[in-house]
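Asks: Have a look at this one.
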Amino acid sequence: GAREGPYAGVGAVKGVADVFGPLAGGIVDVAEALGDAPEAINEDPYEAGWMVKVRLSDPSEVDALLARDAYVATLS
């Protein structure tokens, strides 16, 4: 789960896309329930749609992330 490599892969009609995380660390839990309900990623990303839980290598990296509203503002 380092920032250089993908945390996971997500399958779609056109293939598989890698999922990269912005922080380095090790995966400590995987959302097995997504195998039966992958739509949760889009429908409930903040609760049931989580993919992996990561133990951060350097928790101070969080300080460099944008807050949700600031990130959403960059999308428009």
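The values are calculated or read from the model by the stated rules, or taken from the named source; none is laboratory data. Values in this document were obtained by computation on a predicted structure and should not be read as measured data. Please note: Cβ atoms are built from the backbone with ideal geometry, for glycine as well, and neighbour counts cover all protein chains shown. The area values use the complete protein model at the heavy-atom level, side chains included, leaving out ligands, DNA and RNA. Shrake-Rupley method; radii C 1.70, N 1.55, O 1.52, S 1.80 Å.
Asks: I'd like to verify a number: residues in the range 39-64 that are under 28 Å from A12 (Cα atoms), open to solvent by 60 Å² or more (accessible area, probe 1.4 Å) and touching a residue at least 24 places away in the same chain (Cβ under 8 Å), how many?
Replies: 2
Asks: Right, another one. Can you name every residue in the range 1-12 that is of a type in the set (A, V, I, L, M, F, W, C), surrounded by fewer than 16 Cβ atoms within 10 Å (Cβ to Cβ) and more than 18 Å from L65 (Cα to Cα)? Give the derivation first.
Replies: Quick first cut of the range 1-12, residues of a type in the set (A, V, I, L, M, F, W, C) only: 2, 8, 10, 12.
Narrowing further to those that are surrounded by fewer than 16 Cβ atoms within 10 Å (Cβ to Cβ): 2, 10, 12.
The answer is V10, A12.
Asks: So, in the range 3-12, how many residues would count as being touching a residue at least 40 places away in the same chain (Cβ under 8 Å) and assigned to a loop (DSSP other than H, G, I, E, B)?
Replies: The total comes to 1.
Asks: Give me the residue from the range 13-31 that is of a type outside the set (A, V, I, L, M, F, W, C) and not in a loop (DSSP other than H, G, I, E, B) and, out of that set, least open to solvent (accessible area, probe 1.4 Å).
Replies: Of the residues in the range 13-31, the ones of a type outside the set (A, V, I, L, M, F, W, C) are 14-15, 18, 21-22, 25-26, 29.
Still in the list and also not in a loop (DSSP other than H, G, I, E, B): 15, 18, 25-26, 29.
Details: G15: 33, D18: 96, G25: 12, G26: 34, D29: 63 Å².
Residue satisfying both the conditions and the ranking: G25.
Asks: Taking the range 23-38, which residues are closer than 20 Å to G5 by Cα and either touching a residue at least 40 places away in the same chain (Cβ under 8 Å) or of a type outside the set (D, E) (or both)?
Replies: Residues of the range 23-38 that are closer than 20 Å to G5 by Cα, as a first pass: 23-31.
Matches in the range 23-38: L23, A24, G25, G26, I27, V28, V30, A31.
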